[in-house]
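S.K.: Sharing a structure with you now.
The values are calculated or read from the model by the stated rules, or taken from the named source; none is laboratory data. Worth saying up front: this structure is predicted, and the values here are computed from it rather than measured. A quick note on method: Cβ atoms are made from the backbone with ideal geometry, for glycine too, and the neighbour counts reach across all protein chains shown.
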Amino acid sequence: MKYFCVLIFHFFFHISFSQSLEVLEQSTYKHDYFVTEMQYIEDVSDTSKLQFVATVKISGEHHNALLEQWYNLIKAKAKTLGANLYFIENFHEDENTSAIMVKMYFTGVNYMKENKKKNDKNRIFVFNQSHSKNDTAYFYLNQKRIEFDSKKYFSIVTEPYKLYNVTLTAKRSKRQNHSFPKDAVSVFYILPSGKKNVNDVTNTQSGINISIGKNKPIEVNYDLGRFLMEIYK
């Protein structure tokens, strides 16, 4: 099923810049726990119960931003610093540069469980592969063409047990059916550029597995999808 695996694959954009990661602020807080998981803080209105770890900035000159590398850099740096929670404080881009400011925290198992219960529910999110383009993105929902701004995501609020078919063409695909029970975790799709040689992408700890030639949108896991929600909003 998996065609090959790469550590860095330009499944979002073609790119020509080197990224830099800078720690802008770091606390003196230390702990002895081995961090194995990182979650996006679902409610950032109150972080008083969390231990602040650091503020980091990722930036670089570019033609187009490579968001999946940012996500991997954030995960790697959080693990090094001992953080298991984060949120994006600011995202900025212009014609030449992109920059993202990230706040990182540490907390115990109980808060992590409660935070996970707040995961986005019962929605289907669709992102266009080329965030930097100003064109219109499109896909088909239950064989009906849907167009949206390529720099933003399209959100489908689902009803329990109703069938939703998300495809690249007007032809229905049984493999692309979704039916949500009550309070099901949301699903995230990326529309490949050009809709040709579609890549089936799955995040792994070592990199990204790509299966070439599957004519369907790319489904990604919740962690990456939650990150993209903050970039495309």
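S.K.: Confirm whether N119 is assigned to a loop (DSSP other than H, G, I, E, B), modelled with pLDDT of 95 or more and not acidic (D, E). Outline the logic, then answer.
M.R.: Numbers: assigned to a loop (DSSP other than H, G, I, E, B): yes; modelled with pLDDT of 95 or more: yes; not acidic (D, E): yes.
The answer is yes for N119.
S.K.: Give all pairs with beta carbons closer than 8 Å in which a residue from region 142-158 that is in the same structural domain as H92 (by TED's automatic domain parsing) meets a residue that is in a loop (DSSP other than H, G, I, E, B) and of a type in the set (S, T, N, Q); count only pairs at least 6 apart in sequence or on separate chains.
M.R.: Between residues of region 142-158 that are in the same structural domain as H92 (by TED's automatic domain parsing) and residues that are in a loop (DSSP other than H, G, I, E, B) and of a type in the set (S, T, N, Q), there is no close pair.
S.K.: I'd like the residue in region 37-48 that is out of contact with any Phe, Trp or Tyr (no Cβ under 7 Å at 6 or more places or on another chain), part of a loop (DSSP other than H, G, I, E, B) and in contact (Cβ under 8 Å) with a residue 24 or more places away in the chain and, out of all such residues, is nearest to L73 (Cα to Cα).
M.R.: Keep residues of region 37-48 that are out of contact with any Phe, Trp or Tyr (no Cβ under 7 Å at 6 or more places or on another chain), which gives 37, 39, 42-43, 45-46, 48.
Next, only the ones that are part of a loop (DSSP other than H, G, I, E, B) stay: 37, 42-43, 45-46, 48.
From what is left, the residues that are in contact (Cβ under 8 Å) with a residue 24 or more places away in the chain are 37, 42-43.
Details: E37: 14, E42: 20, D43: 22 Å.
Only one residue fits best here, namely E37.
S.K.: Any idea which of N90, N84 is at pLDDT below 95 and in the same structural domain as K57 (by TED's automatic domain parsing)?
M.R.: Numbers: N84 fails: at pLDDT below 95.
Matching residue, one of N90, N84: N90.
S.K.: Whether any residue in region 117-131 is without any contact (Cβ under 8 Å) to a residue 24 or more places away in the chain and surrounded by fewer than 18 Cβ atoms within 10 Å (Cβ to Cβ) is what I want to check.
M.R.: Looking through region 117-131, at least one residue is without any contact (Cβ under 8 Å) to a residue 24 or more places away in the chain and surrounded by fewer than 18 Cβ atoms within 10 Å (Cβ to Cβ).
S.K.: Same structure again: Mind listing just one residue for me: the one in region 67-102 that is touching a residue at least 24 places away in the same chain (Cβ under 8 Å) and small (G, A, S) and, of those, farthest from V44 (Cα to Cα)?
M.R.: Top of the filtered list is S98.
S.K.: All but one of (1) at pLDDT 90 or above; (2) within 13 Å of F227 (Cβ to Cβ); (3) touching a helix residue (DSSP H, G or I) at 6+ places or on another chain (Cβ under 8 Å); (4) of a type in the set (A, V, I, L, M) hold for A78, so report the exception by its number.
M.R.: Among (1) at pLDDT 90 or above; (2) within 13 Å of F227 (Cβ to Cβ); (3) touching a helix residue (DSSP H, G or I) at 6+ places or on another chain (Cβ under 8 Å); (4) of a type in the set (A, V, I, L, M), the lone unmet condition for A78 is (3).
S.K.: What residue, of S59, S16, is at pLDDT below 90, in a strand (DSSP E or B) and among the hydroxyl-bearing types (S, T, Y)?
M.R.: S59
S.K.: When both residues are 6+ apart or on different chains and their Cβ atoms are under 9 Å apart, which pairs have a first residue that lies in region 171-184 and is on the phi > 0 side of the Ramachandran plot, and a second that is in a loop (DSSP other than H, G, I, E, B)?
M.R.: D183/N122; D183/P160
S.K.: Scan region 144-183 for residues that are part of a strand (DSSP E or B) and among the small types (G, A, S) and jot them down.
M.R.: Filtering region 144-183 down to residues part of a strand (DSSP E or B) leaves 144-149, 154-157, 163-167, 177-179.
Hits for region 144-183 are S155, S179.
S.K.: Here's something else I'd like to know. So, in region 130-143, exactly how many residues are at pLDDT below 90, more than 19 Å from the chain's Cα centre (by Cα), closer than 26 Å to Y164 by Cβ and in a loop (DSSP other than H, G, I, E, B)?
M.R.: To start, the set of residues in region 130-143 that are at pLDDT below 90 comprises 130-137.
Checking which are more than 19 Å from the chain's Cα centre (by Cα) leaves us with 134-136.
Right, trim to closer than 26 Å to Y164 by Cβ and you get 135-136.
If we keep only those that are in a loop (DSSP other than H, G, I, E, B) as well, we get 135.
The qualifying residues number 1.
S.K.: Return the total of residues in region 65-116 being within 17 Å of the chain's Cα centre (by Cα), surrounded by 14 or more Cβ atoms within 10 Å (Cβ to Cβ), among the hydrophobic types (A, V, I, L, M, F, W, C) and part of a helix (DSSP H, G or I).
M.R.: 5
S.K.: Considering (1) under 20 Å from Y40 (Cβ atoms); (2) modelled with pLDDT of 95 or more; (3) not in a loop (DSSP other than H, G, I, E, B), say which one F127 fails and leave the rest.
M.R.: (2)
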